[in-house]
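Trainee: Quick one: the structure is below, questions incoming.
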Amino acid sequence: MTAFILFAGSFAAEWRNEDCKKQQKIITMDTSKLNHPIVKAAFEAWQKGDAQLWLSYFTPDAQLLDDGHPRNFQEFSTEAIGHERFTSIDIVKDRGLSIYGKFHSDTWGNFKTYFKFHINGNSKIYKLEIGQADY
């Protein structure tokens, strides 16, 4: 019985180790395609799961559209960040304001998505459009 517990504990530790390695790969993904400095900084905060830093790039009254439907931006940010992340950046367009890629959500699984950032004259993001992508 003791050998089984040691084996199971060793297996669980190895699984957590592997999970951390996968997460690290996601967090440190190549962001060289991102050419807009505000978008790149916000994206990197999202990937790191840093809600405070992520929110600092947005206006206090930032709007969120999810597949065209309004959602509460603050709730989305605090609930999703750390549980959702891009696993690849496939397309960047609109002068670097739109990102399309593969995405992982702990709740919804894996799918293609887009994040479209709208930035005001004060270099703050005032609207974020997100949704499932078809490309």
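Trainee: Could you list, in sequence order, the residues of the stretch 68-126 that are within 16 Å of PHE58 (Cβ to Cβ) and of a type in the set (Val, Ile, Thr)?
Mentor: THR78, ILE81, ILE99, ILE119, ILE125
Trainee: Out of the stretch 102-120, which residues are on the phi > 0 side of the Ramachandran plot and touching an Asp or Glu at 6+ places or on another chain (Cβ under 9 Å)?
Mentor: Answer for the stretch 102-120, where residues must be on the phi > 0 side of the Ramachandran plot and touching an Asp or Glu at 6+ places or on another chain (Cβ under 9 Å): there is none.
Trainee: Same structure, new question: Only residues that are exposed (fewer than 15 other Cβ atoms within 10 Å of the Cβ) and either under 17 Å from ASP106 (Cα atoms) or β-branched (Val, Ile, Thr) (or both): list them for the stretch 60-81, please.
Mentor: GLU75, THR78, GLU79
Trainee: Given the residues ILE99, ILE91, which is the only one that is of a type in the set (A, V, I, L, M), within 23 Å of ASP30 (Cα to Cα), at pLDDT 95 or above and buried (at least 17 other Cβ atoms within 10 Å of the Cβ)?
Mentor: Of ILE99, ILE91, the one residue that is of a type in the set (A, V, I, L, M), within 23 Å of ASP30 (Cα to Cα), at pLDDT 95 or above and buried (at least 17 other Cβ atoms within 10 Å of the Cβ) is ILE99.
Trainee: Hey, can you tell me all the residues within the stretch 105-124 that are closer than 16 Å to ASP66 by Cα and part of a strand (DSSP E or B)?
Mentor: Correct list: SER105, PHE111, LYS112, THR113, TYR114, PHE115, LYS116, PHE117, HIS118.
Trainee: Related question: I'm told GLN132 meets every condition in (1) touching an Asp or Glu at 6+ places or on another chain (Cβ under 6 Å); (2) surrounded by fewer than 18 Cβ atoms within 10 Å (Cβ to Cβ) except one. Can you identify the failing condition by its number?
Mentor: (1)
The values are calculated or read from the model by the stated rules, or taken from the named source; none is laboratory data. These numbers come from a predicted model, not from an experiment. Don't worry about glycine lacking a Cβ; one is built from the backbone with ideal geometry, like all the others, and counts go over all protein chains shown.
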